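Here is the structure we will look at.
The values are calculated or read from the model by the stated rules, or taken from the named source; none is laboratory data. Please read these numbers as outputs of a predicted model, since none were measured by experiment. Backbone-built Cβ (ideal geometry, glycine too); neighbour counts: all protein chains shown.
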Amino acid sequence: MKKFIDEIYLTVQSGSGGSGAVSFERSKYKPIGRPNGGDGARGGHVILKVDTNLSELSYLKKTNLIRAKNGGNGADSHKRGKDGEDVFLDVPPGVLIKDYRTKELIAELIFPGQEYIIVHGGWGGKGNAHFKSSTNRSPRRRDEGKKGEERKIIIELKLLADIGFVGFPNAGKSTLLKSLTDAKPDINDYPFTTLTPNLGVFYDENHHPYTIADIPGIIEEAHKGKGLGLRFLKHIERTRILAFIIDVSDPEYKKKEAILNSELSSYSDQMMTKQFILIGNKIDLVDDPDHIDKNYIRVSALKNENLEDLKKAFIKALK
């Protein structure tokens, strides 16, 4: 399985500006005429751009340096150099860009096609044509181009999704995701089958897409680093709705719900301001499903029971 990567360290370097030129008009009868040295050009920017086809950062794993081209130097006859080519670095929606040294937040990129210049190319220097005056008709001054910027950054991903599935290991989250969407998560009968967040999409009657993120299993004291929950709890922060997947075949299923509430609130008070949907899964293993708490939407992911009702509940809540 490809390893899920949600944090990358990179050095980004913009191009330096080109230098201005020292040049003079020349003719047969006037060896040195008016100054006509052209300007240097801007160095290339490094630009981050949101690509919705990306969902993690593994494609940057072997990339240490992103560098843009330098601007061209000026030339005679007022010719300006050629701008350095910008470099576009595609990133998934939901990334935070931070300064490596200070950990200060620089930018947050969420929307499709959104762009951010992370380092600006250096300005080009002026040619000697700019420095002609009444007292200096043959200036030999020109400006050097400005050096490009260099910055070490952290790119941190927090998944964006309409619905976030949270629950204990083996509550059936992956099976439910597979039954509702086009996702193909690994499913086995042992704890922590889901080692990375999985994304899936389902559609309403107008073919509008909704995204579900299946977050790896949370256990008691996940907010303290136990199990896999701590690393992935941050991915729940960006979901619009939280769906608690509870195995109602467990006689202590209400206790599991309370633990999930406690873990999320211990991680962040903001979690408790989100809208919640309670889903009672594995009703096919329950002798009398009518005795399950009425606040639960009762389903069987394995047997595809009541899944259309669940989709309608999701859509109603999201709208």
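Please go through region 85-100 and pick out each residue that is outside any strand (DSSP E or B) and modelled with pLDDT of 95 or more.
Glu85, Asp86, Tyr100
Out of (1) assigned to a loop (DSSP other than H, G, I, E, B); (2) surrounded by fewer than 21 Cβ atoms within 10 Å (Cβ to Cβ); (3) of a type in the set (S, T, N, Q), what's the single condition that is false for Thr11?
Status for Thr11: all satisfied but (1).
From Leu60, Leu105, which residue is surrounded by 15 or more Cβ atoms within 10 Å (Cβ to Cβ) and not hydroxyl-bearing (Ser, Thr, Tyr)?
That would be Leu60, the only listed residue that is surrounded by 15 or more Cβ atoms within 10 Å (Cβ to Cβ) and not hydroxyl-bearing (Ser, Thr, Tyr).
Can you find a residue in region 40-50 that is within 23 Å of Ser133 (Cα to Cα) and in a loop (DSSP other than H, G, I, E, B)?
yes
Checking Ala222 against (1) farther than 24 Å from Ala313 by Cβ; (2) modelled with pLDDT under 85; (3) surrounded by fewer than 20 Cβ atoms within 10 Å (Cβ to Cβ), which test does it fail?
(3)
Looking for whichever is within 32 Å of the chain's Cα centre (by Cα) and either farther than 25 Å from Arg101 by Cβ or in contact (Cβ under 8 Å) with a residue 40 or more places away in the chain (or both) here; the options are Gly33, Gly38, Gly18, Gly44. Which one fits?
None of the other options fit; the residue is Gly44.
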